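Here is the structure we will look at.
Each reported figure results from applying straightforward, stated rules to the coordinates on display, with no laboratory input. Values in this document were obtained by computation on a predicted structure and should not be read as measured data. Virtual Cβ from ideal backbone geometry, glycine too; neighbours counted across all protein chains shown.
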Amino acid sequence: MDLRMKQQDGQAATVSADDRVFAVDFNEPLVHQVVVAYMAGGRAGTRAQKSRAEVSGGGAKPWRQKGTGRARAGTIRSPLWRSGGVTFAAKPRDYSQKVNKKMYRGAMRSILSELVRQDRLLVVDTIRMSEPRTRVMVKWLTSLGLTGRVLVVNDQMDQNLYLASRNLPYIEVLDVIGLNPVDLIGADKVVFSQAALEKVGEWLS
């Protein structure tokens, strides 16, 4: 299939794209599973609390069982007491889920194809910033008519491009290696350089 491409001089052109990557059916269950697994893998899982068995103190019974008029108490480290243990104490855990390479690539193909169908994917011949200035990035985005959340995908990370975009809260810059399903789905528009598009095609075909 052919995708529309904008050149630096503003002229429109076309670029060839692999149908096996950019023209497949949308598999919603697969995309959902891969997105959930990707987000779960980003969780630190380092939260830790102490149960009543781990909190210091509480070796003696606070008062005798009967005769005081107060409720029964066996330890001052009960979860009901101030500075007591936590009832269901959180422990460090691994939230990562196993996703096969074939599933991950299939989900990426499905997302990219849906972006093409929704006219949310734009191809430009090259992405280069002359200087690391935010105003240069804004001018470039304006020339392409891009608003909202924009994901820029280059074949390799360019320092000027990264520095020019980091002050813009809704602009994300990635190289092909860092491309992921969550950023693709969350963007209103995805801009690929021609070289990045070719690399993605080789990776997912």
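Here is a yes/no grid of residues against (1) assigned to a loop (DSSP other than H, G, I, E, B); (2) surrounded by 14 or more Cβ atoms within 10 Å (Cβ to Cβ):
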position: 39; (1), (2): no, yes
position: 47; (1), (2): yes, no
position: 58; (1), (2): yes, yes
position: 64; (1), (2): yes, no
position: 67; (1), (2): yes, no
position: 72; (1), (2): yes, no
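Return the only residue of 45, 57 being under 26 Å from residue 181 (Cα atoms) and under 44 Å from the mean Cα position of the chain (by Cα).
On the way: 57 fails: under 26 Å from residue 181 (Cα atoms).
Within the list 45, 57, the selection yields 45.
Taking the condition closer than 22 Å to residue 30 by Cα, of a type in the set (A, V, I, L, M, F, W, C) and buried (at least 20 other Cβ atoms within 10 Å of the Cβ), does residue 153 pass? Spell out how you get there, then give the answer.
Numbers: closer than 22 Å to residue 30 by Cα: no; of a type in the set (A, V, I, L, M, F, W, C): yes; buried (at least 20 other Cβ atoms within 10 Å of the Cβ): yes.
Spelling it out, it is not the case that residue 153 is closer than 22 Å to residue 30 by Cα, of a type in the set (A, V, I, L, M, F, W, C) and buried (at least 20 other Cβ atoms within 10 Å of the Cβ).
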Fill in the blank from the handout: Result of the Cβ filter at 8 Å on the range 129-149, keeping first residues that are touching a residue at least 60 places away in the same chain (Cβ under 8 Å) and partners that are exposed (fewer than 15 other Cβ atoms within 10 Å of the Cβ), at least 6 apart or interchain, is 143/10
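Let me confirm something: among 141, 174, 163, which residue is buried (at least 16 other Cβ atoms within 10 Å of the Cβ) and under 24 Å from residue 204 (Cβ atoms)? Give the derivation first.
Values: 141 fails: under 24 Å from residue 204 (Cβ atoms); 163 fails: under 24 Å from residue 204 (Cβ atoms).
Going through 141, 174, 163 in turn, just one is buried (at least 16 other Cβ atoms within 10 Å of the Cβ) and under 24 Å from residue 204 (Cβ atoms): 174.
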Practice task
From 179, 184, grab the single residue that is under 20 Å from residue 34 (Cβ atoms), part of a helix (DSSP H, G or I) and out of contact with any Phe, Trp or Tyr (no Cβ under 8 Å at 6 or more places or on another chain).
Solution key: 184
Practice task
Confirm whether residue 121 is free of Cβ contacts under 8 Å to residues at least 60 places away in the same chain and among the aliphatic types (A, V, I, L, M).
Solution key: no
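So in the range 93-118, with the set limited to residues that are among the polar types (S, T, N, Q) and touching a residue at least 40 places away in the same chain (Cβ under 8 Å), which one is surrounded by the most Cβ atoms within 10 Å (Cβ to Cβ)? Even if it seems obvious, please write down each step before you answer.
Taking the range 93-118 and keeping what is among the polar types (S, T, N, Q), we get 96-97, 100, 110, 113, 118.
Then drop every residue that is not touching a residue at least 40 places away in the same chain (Cβ under 8 Å), which leaves 96-97, 110, 113.
Numbers: 96: 13, 97: 13, 110: 20, 113: 22.
If we take residues in the range 93-118 being among the polar types (S, T, N, Q) and touching a residue at least 40 places away in the same chain (Cβ under 8 Å), then 113 is surrounded by the most Cβ atoms within 10 Å (Cβ to Cβ).
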